[in-house]
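Notes follow the structure.
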Amino acid sequence: MKTSSTASKLLLLASIATFSTNIYAEDKFKVCADPTNPPYSTKEQTGYENKIAALLAEQLGQAVEYTWLPDRIGFIRNTLKAENDNGQGFKCDVVMGVPVGFELTDTTKAYLHSTYVLLIAKGRGWDNIKEAVQLTQLEPQKQEKLKVAMFDRGPGTTWLQKNGLLEQGVPYQSMTGDSEHNVAMQIENDLRSGKIDMVILWGPMAAYVQTHDAKDSYIAIPMQSTADIKFDFSIAMGVRQSDGKRKQLLNDLIDKNKDKIAAIIASYKIPQLPIPVAPAKKDDD
């Protein structure tokens, strides 16, 4: 006999309450984040990951507490997996945005599925581009004038290489090493100044660039995954591999608040695709 919808919701609420009260008995929702990483997180807590953390903390009757560190090599080791100086507990418990299956953490179910976007500055001779493939079909003299941001790694660079456009690439690092500007901020500045005319950028960062310009100055073309190059990815929350109970709690909260989470993300104009259904796990027996 199937449990009714109302009963299921009551069981979910009861499990969340039991978990937060009897197992952890914490009054803090401890998050590891970069203080200068819009649109994800900022020290002023204006990023969409900040808003989602606040939502979940409110559901648990907790206050959000941040451990701030630039999102560089060693971030997980020095935050999520780092013990407090007094040896009691960890500096933080949750990273709000990591790829599903991220090797450095355990991951919750996805709460966002987005895609890379070809972002083109208007008024520079490229306004007729409606699909990325058109860049590969330009006359040689026109193609030579392309100024496309090219990162040290990522599907955008793979796409440029596959289509013979590496010579038109303007090189960038995936991690800026700049404590005052993350990649999205740097790309925004360089698009505005004319150093580059276009970029294949991860959806949330592309949305940040677009929404920071009041003049509708960009054409945004979602990139389509192919058998050779994947552009769309699922994003989850990261926890320590040993923290399975917290992972389950977060999964329950994601289920309970999926519409509110999607609304927060939508308010940042981030492209959202349907979240793929995770394959069912087979029973061990």
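The values are calculated or read from the model by the stated rules, or taken from the named source; none is laboratory data. Since the structure is predicted, the reported quantities are computational estimates derived from the model, not experimental observations. Cβ: placed from backbone, ideal geometry, glycine included. Neighbour counts: every protein chain shown.
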- Task: Kindly provide the set of residues from the stretch 127-144 that are in contact with a helix residue (DSSP H, G or I) (Cβ under 8 Å, 6 or more places away or on another chain), assigned to a loop (DSSP other than H, G, I, E, B) and either charged (D, E, K, R) or under 17 Å from I229 (Cα atoms) (or both), ordered by number.
- Result: E144
- Would you pick out the residues in the stretch 253-278 that are assigned to a helix (DSSP H, G or I), surrounded by fewer than 18 Cβ atoms within 10 Å (Cβ to Cβ) and not polar (S, T, N, Q)? D255, K256, K258, D259, K260, A262, A263, A266
- Does G194 count as surrounded by 21 or more Cβ atoms within 10 Å (Cβ to Cβ) and either under 22 Å from F75 (Cβ atoms) or not aliphatic (A, V, I, L, M) (or both)? no
- Among residues of the stretch 230-250, those that are surrounded by fewer than 16 Cβ atoms within 10 Å (Cβ to Cβ), within 30 Å of P155 (Cα to Cα) and not charged (D, E, K, R), counted: 1
- Query: Which one of the conditions (1) in contact (Cβ under 8 Å) with a residue 60 or more places away in the chain; (2) buried (at least 21 other Cβ atoms within 10 Å of the Cβ) does N50 fail to meet, given that it meets all the rest?
  - Reply: (1)
- Task: For the stretch 102-146, name all the residues that are polar (S, T, N, Q) and in contact with a strand residue (DSSP E or B) (Cβ under 6 Å, 6 or more places away or on another chain).
- Result: T105, T107, T108, T115
- Query: What pairs come up if the first residue lies in the stretch 59-87 and is at positive phi and not assigned by TED's automatic domain parsing to the domain that holds R240, the second is in a loop (DSSP other than H, G, I, E, B) and of a type in the set (D, E, K, R), and their beta carbons are under 7 Å apart, counting only those six or more places apart or on different chains?
  - Reply: none
- Item | Whichever residue in the stretch 218-236 is part of a loop (DSSP other than H, G, I, E, B) and aliphatic (A, V, I, L, M) and, among such residues, is farthest from L135 (Cα to Cα) | A227
- Restricting attention to the stretch 237-252, the residues that are of a type outside the set (G, A, S) and assigned to a helix (DSSP H, G or I) number exactly 8
- Query: Residue check: is E167 among the charged types (D, E, K, R), touching a residue at least 24 places away in the same chain (Cβ under 8 Å) and outside the structural domain of N257 (by TED's automatic domain parsing)?
  - Reply: no
- Does G97 satisfy the condition of being closer than 23 Å to P222 by Cα, in a strand (DSSP E or B) and either out of contact with any Gly (no Cβ under 8 Å at 6 or more places or on another chain) or not assigned by TED's automatic domain parsing to the domain that holds M198 (or both)? yes
